[in-house]
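Throughout, read-outs are computed from the coordinates displayed, never taken from laboratory work. It should be emphasised that the depicted structure is a prediction, and the values quoted were computed from it without experimental measurement.
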Amino acid sequence: MTDPFGRPDEGDPPHDRDRPDLGGPDAAGTFGWLFDRYAEALHRYLTRRVGGATADDLLSETFLIALRRRRSYDPARAAVRTWLYGIATNLIREHVRAELRALALTARAASERAISGSAHDGMVADRVDAQSAARRLATALAKLSPADRDVLLLISLAGLNTGEVAEALGIPVGTVRSRLHRVRKQLRATTAGEEDNRA
């Protein structure tokens with residue numbers, strides 16, 4: 001039996017599976033293999049960004065776009081995994097308004113949620129703290145620029161490193177590091193500001 005790359009299937013994938021030639025004659029076999037290998041992780045990332053129902057649609061769209069653009073994929077520029085994350089992130093950008101609305105709703109819901117008066121004092125305090133933290137985080141994420149939010153969420157949700165984020169977004173590694181530094185600074189300032197307001 002051969003793999004999608006025309007070689008005998010011997011278990012452990014060889015190096016070039018990370019950077020395959022997508023322009024080959026067996027597009028269906030190659031993309032079936034890519035889907036089997038990367039769909040689950042991509043779906044988790046998309047779900048954490050936009051929710052389950054939208055993630056299903058965006059996952060399908062990611063692979064359809066990848067199939068249509070397979071001849072434009074350059075293995076010398078990026079691993080196929082980061083190329084797929086780049087496509088998925090670009091699709092998410094098209095849904096930024098919906099994402100911002102969801103973050104705003106999360107912030108509002110966390111601040112307006114009623115706490116049962118019959119709960120134990122310690123449990124009440126824990127729930128208030130958790131709701132307050134969720135509201136602060138959602139508000140802080142909503143205030144980030146789309147470019148900064150993409151960098152943060154590709155690292156924190158998808159588990160990519162800075163080099164992989166650079167490949168996925170088609171930007172220099174230095175830009176990724178600079179955006180990440182800026183995001184961390186903004187989130188620290190937001191958290192500190194909230195704590196000062198509560199004091």
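Spelling out what I want: for every residue of region 66-77, take phi, set θ = phi - 60°, compute 6.51 cos²θ - 1.76 cosθ + 1.60 (Karplus), and round to whole Hz; glycine and proline get x.
Result, rounded to whole Hz: 4, 5, 5, 9, 4, 6, 8, 5, 10, x, 6, 8.
So what J values fall out for region 164-176 if you push phi through Karplus, 6.51 cos²θ - 1.76 cosθ + 1.60 with θ = phi - 60°, rounded to Hz, Gly and Pro as x?
Once rounded to whole Hz, the list reads 5, 4, 4, 5, 4, 9, x, 10, x, 4, x, 5, 4.
Please list, in order along region 83-95, the HN-Hα scalar couplings obtained from phi with the Karplus expression 6.51 cos²θ - 1.76 cosθ + 1.60 (θ = phi - 60°), rounded to whole Hz, x for Gly and Pro.
With coefficients 6.51, -1.76 and 1.60, one gets 4, 5, 5, x, 4, 4, 5, 4, 5, 4, 4, 5, 10 Hz.
Amide H of Arg19 versus every other amide H placed in the peptide plane: which residues, excluding those fewer than 5 positions away on the same chain, fall under 5 Å?
Hits under the 5 Å cutoff: Val80.
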